[in-house]
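Student: So that we are looking at the same thing, I have put the structure below in structure tokens.
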Amino acid sequence: MGEIDEGVMQGYLLLADISGYTTFLTGTELEHSHAIVTELTKLIRATLTPPMQFVKLEGDAVFCFAPQAAFPNGELLVELAESCYFDFTNRLLNMTRSTRCTCDACRAIGGLDLKFVVHNGTFIVDRDEDGRLDLAGPDVILVHRLLKNTIIEAGGPSSYGFFTDPCLTGASTELRLPVHEESIESFPQVTGVVQDLAAVAAQRREAQVVRLTDDNADFVSSYIVDAPPAVCWQYYVEPGKRHRHVEAVETGVEFTPNTEGRVATGASSHCAHGVGGDGLREYLDWRPYEYFTCRLSPVEAEGVEFFTFVECLETYEFIDLGDGRTEHRWLLRTVDRTPEGIRAFEESSAFIREISTHPTWGDQMRRPIAEDAVLYGLDRPVS
Ligand SMILES: [Zn+2]
């Protein structure tokens, strides 16, 4: 960071603020919420790379700036916020699916959100006694004050980027976003535009269809569950439900019934927030109740054994059989298509091939659903 000149500068000021942990958390839940926010702020920092410069963490917010010349037009910053938000939502899905914990902090992962406030102005770049970067000036105060705004109460989106007018000088006329005005005490009226980041992320996922088929998958497994897709789906994506079937898969061929104690005790030590567990998943295509596809990258983590050590694509399908049952299909395709890559996949997936041909394969999903059947009005024997 030594290349940053100190002194007065014209440029962009950006705050990326994580919201969602509004309830008061204590003990383990406080630890977990802290770990979750730490992972997410790391991800945000990794996305907002140079020429964006990190200044500091402020609670659940990441504060960055960039000199004017770094972004010839503010449109690039809109795109940067969109990409960052997309990665953020991917990570949320990944965390939701990898946590083994059912505490309030871990359950709330899916409800976390991210917003951006971006302004352009003049500020002083300074360093404190320890050499840490800091910014000062009225525009720095303004961008912080803008975090508390009226966008949502004015009917705007909850996951947004707010870009003040000075940010968009030089932007193309194609960028037509809803205008928003904000009154901040001791500052002139602020006008800017609002981008609905959740809508953009949803469009991106809509636009890309990534779904493995029998023809291009290297491995396919399947079983039928006596419940509709919307129920089965939950046991794949919701913490607290997911871990009840995942633990059975990971412990191997012997699908012993889950006991309450097995998941309740030591839950915190099993809490893997995102990285860890069985790898890092990037969600490429997400169609609730029907299928989702992710890229699974194994991540080396202490004490974690993977059923596969190679990068692959996975599609999870929930096929509605039309009679209240679902055929659950899991398709895998290794990314490395060389003969060596395919051989490595064959070897590393031997374990999962073995258990998925076991007669009780599928019970890991059927059992928790059967236990919860009354919740769904499915209180009939589950095969
Ligand atoms: Zn937790």
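Student: To the nearest 0.05, what FRET efficiency results for T357 and T169 with a Förster distance of 45 Å applied to their C-beta separation? Mind dumping the intermediate values first?
Tutor: Details: r = 63 Å, r/R0 = 1.40.
FRET efficiency, T357 to T169: 0.10.
Student: Going by how many other beta carbons lie within 10 Å of each one, how would you line up R176, R366, fewest first? It would help to have the intermediate numbers written out before the result.
Tutor: Working: R176 8, R366 22.
Final ranking by Cβ density, sparse to dense: R176, R366.
Student: Average projected area of the Cα convex hull of segment 194-237, in nm²? Write down the numbers at each step before the final one.
Tutor: Details: hull surface 20.2 nm².
Convex hull of Cα atoms, orientation-averaged projection: 5.0 nm².
Student: Let me ask something else. Taking the Cα-to-Cβ direction at E79 and at D320 and moving 7 Å from each Cα, how far apart do the two end points lie in nm?
Tutor: Here the answer is 3.9 nm between the modelled labels.
Student: For S158 and E327, FRET efficiency with R0 = 41 Å and r from the beta-carbon atoms, rounded to 0.05? Don't skip to the answer; put the middle values down first.
Tutor: Details: r = 36 Å, r/R0 = 0.87.
Computed FRET efficiency for E327 and S158: 0.70.
Student: Give me the extension gain from E282 to R204: residue separation times 0.36 nm, minus the current Cα-Cα distance, reported in nm with one decimal. Could the numbers behind the result be given before it?
Tutor: Working: separation 78, 0.36 × 78 = 28.08 nm, distance 1.35 nm.
Value of the extension gain: 26.7 nm.
Student: At 7 Å along Cα-to-Cβ for each site, give me the label-to-label distance between A230 and V335 in nm.
Tutor: 3.5 nm
Student: Follow-up. Counting residues in segment 1-105 as N, plug N into 2.2 N^0.38 Å and put the Cα Rg over that result.
Tutor: Working: Rg = 16.0 Å, N = 105, 2.2 N^0.38 = 12.9 Å.
With N residues counted in segment 1-105, Rg over 2.2 N^0.38 Å equals 1.24.
Student: Based on the Cα gyration tensor of segment 82-168, what are the three equivalent ellipsoid semi-axes, each the root of five times an eigenvalue, rounded to whole Å and given largest first?
Tutor: Equivalent ellipsoid semi-axes, largest first: 31, 20, 12 Å.
Student: Using packing as a proxy for protection, rank 77-85, 357-365, 154-162 so that the peptide with the highest average count of other Cβ atoms within 10 Å comes first.
Tutor: On the way: 77-85: 21.7, 357-365: 16.0, 154-162: 18.7.
Result, highest mean Cβ count within 10 Å first: 77-85, 154-162, 357-365.
Student: Which Rg and Dmax, in Å, describe the Cα atoms of segment 7-206?
Tutor: Rg and Dmax of segment 7-206, Cα atoms, are 17.0, 51 Å.
Student: Now, a different point. How much FRET efficiency would the formula 1/(1 + (r/R0)^6) give for I124 and K56, where r is the Cβ-Cβ distance and R0 is 25 Å, rounded to 0.05? Working shown, then result.
Tutor: On the way: r = 15 Å, r/R0 = 0.60.
Rounded to the nearest 0.05, the efficiency is 0.95.
Student: Please compute the length gained on full extension between R45 and I342, using 0.36 nm multiplied by the number of residues separating them and subtracting their Cα-Cα distance. It would help to have the intermediate numbers written out before the result.
Tutor: Numbers: separation 297, 0.36 × 297 = 106.92 nm, distance 3.51 nm.
Fully extending the segment from R45 to I342 adds 103.4 nm.
Student: Here's something else I'd like to know. Going by amide H atoms built from the backbone, whose H comes under 5 Å of the H on S19, apart from near neighbours?
Tutor: Amide H neighbours of S19, under 5 Å, 5+ apart: D113, L114, K115.
Student: Would you kindly state how much longer the chain becomes between L375 and D215 on full extension, computed as 0.36 nm times their sequence separation minus their alpha carbon distance, in nm to one decimal? Intermediate values should be presented prior to the final figure.
Tutor: Numbers: separation 160, 0.36 × 160 = 57.60 nm, distance 3.76 nm.
Fully extending the segment from L375 to D215 adds 53.8 nm.
Student: Another question, if that's okay. Using θ = phi - 60° and the Karplus form 6.51 cos²θ - 1.76 cosθ + 1.60, what ³J(HN,Hα) does each residue of segment 79-91 get, whole Hz, x for Gly and Pro?
Tutor: Listing the rounded values in order: 5, 5, 4, 4, 5, 4, 5, 4, 4, 4, 5, 4, 5 Hz.
Since every read-out is calculated from the coordinates, none of them should be taken as a lab result. Note that the coordinates shown come from a computational prediction; the quantities given were computed from them, not determined experimentally. Note that we place each Cβ from the backbone using ideal geometry, even for glycine, and neighbour counts take in every protein chain shown.
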